[in-house]
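Taken together, the values in this text are just the output of simple stated rules run on the coordinates, not laboratory data. The model shown is predicted, which means the values in this text are computed figures rather than measured ones. Because the Cβ atoms are built from the backbone with ideal geometry, glycine has one as well, and the counts that use them run over all protein chains shown.
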Amino acid sequence: MLVPGAGNPHARPCENHRMSEAPPGSADPSEDPAEEQRALLTEDLGADPPDRPGTGRLLAAVVSGLLVAALLGWGLPWATGASWSEIAATIAALPAWALPSMLLLGAAALLLEAVTVRIAVPGSQYGTALLGHTASQGATLAIPGGSVLGLGLLAWVLRRTGIALPVVVTGILAASLVEMALTSVLVPLLGGGALLLGSAVTPTGSLPGTWLWAALVAVVGAVLVLALCMVLLRRGVLAALLAHAEGMIPSGTASEVLRQRDALMRMLGSRAAALSLPTLAARALQWAALWLAIEAVGAEVPLLFTVALFALGRVVALVPLTPGGAGISETVSGAVLVGLGVAAADAAAAMLLLLVAMLVVPLLAGGGAVVLALTRSPARTAGG
């Protein structure tokens, strides 16, 4: 599989991704398949926006939205044991700071995640990275399987500023690997450690063992996926796979893939901390939103258990039944809160409040970002 990416970030793109000279005896360099392949990778502005979702995908989005509504409207009250009248009364009694804090924390998480994108794509401007990332998140959460569409939107927004396609794709790959390592592996591991430590220090309530085992399985799966990615990114392994596929891929593709693999590994090696810290800070803000949501309903949950609960929610959100696990995460987390001794209506209200930061803000901001991205004029960056 072709994995285009950035070369030396300090070199000009036209020099960094220079097409090689035609082989001896070639009358027209443009006819060389390898040259044509690299020309596609370094194609300048003028690319059309990603294709709009087809009727089938839009229908799937409607069905998924109805499923989320059903999970929240029926599943959450059932899992927590609260009636909607009790939940509504609890929501009406929330302090004045509750909703604004969720809006601010949800927006701040998006702002921090965009910093990772900005760092991963040399030559990009923060405003462009924020626009592309927000549009990407909106598409991912609104449409089942929308992650591919979202990444396409992000790449298109960045490309419109004149940044070479290999630089954009390498940056997106780097940011995606960082996100996988932190959200799907590190956060669940921290949550598991917090659960064990919290259980030893402050035994409380009863946790649903089935869901905890499911979370453990999901964490193991994420670790295996990450490990597989790292194995495939080993140069020897990748070179062997490309050699085995010789004749099935265009001429020149194998050398280009290896070059972009080297660029990706250099970026991950030299900018690991810079790429990781903003995304890790965003997850910390989302955990803070959970903690504040619990505080807002007046419930008392030991701090370590809130870390474990946040990690469980992020793992459950990986279930591909709804975009971003919306509805599923809240239902499971609400039931766990009840198991920890929180009143049923308080648990359900806290999860609905958290939903504002985790789903409503990214969806609304993403919708606005998509409209803005499709209507604004492209602007080249100075170093694009």
Could you work out how far the C-alpha centroid of the stretch 334-368 sits from that of the stretch 221-245, in angstrom? 38 Å
Work out from phi, with θ = phi - 60° and the Karplus expression 6.51 cos²θ - 1.76 cosθ + 1.60, the ³J(HN,Hα) of each residue of the stretch 297-303, listed in order in whole Hz, and give x for Gly and Pro. 8, x, 8, 10, 10, x, 4
Simple spin-label estimate for ALA96 and VAL223 in nanometres, 7 Å along Cα-Cβ: 4.8 nm
The FRET efficiency for ALA200 and VAL63, from their Cβ-Cβ distance with R0 = 41 Å and rounded to 0.05, is 0.40
For the stretch 55-373: relative contact order, % (alpha-carbon pairs under 8 angstrom, 6 or more apart): 37 percent
Packing-wise, with mean Cβ within 10 Å as the measure, how do 101-109, 345-353, 135-143 rank, highest first? 345-353, 135-143, 101-109
So who's got an amide H within less than 5 Å of the one on LEU340, skipping anything under 5 residues away but keeping other chains? H placed 1.01 Å off N, in plane. SER206
Within 10 Å of each candidate Cβ there may be at most 12 other Cβ atoms; applying that plus a DSSP loop requirement, which GluC sites (Glu not before Pro) in the stretch 255-300 survive? GLU300
Between LEU233 and SER270, what's the calculated FRET efficiency when r is the beta-carbon distance and R0 is 22 Å? Round to 0.05. 0.90
Listed peptides 85-96, 257-268 by packing density, highest first (mean Cβ within 10 Å): 257-268, 85-96
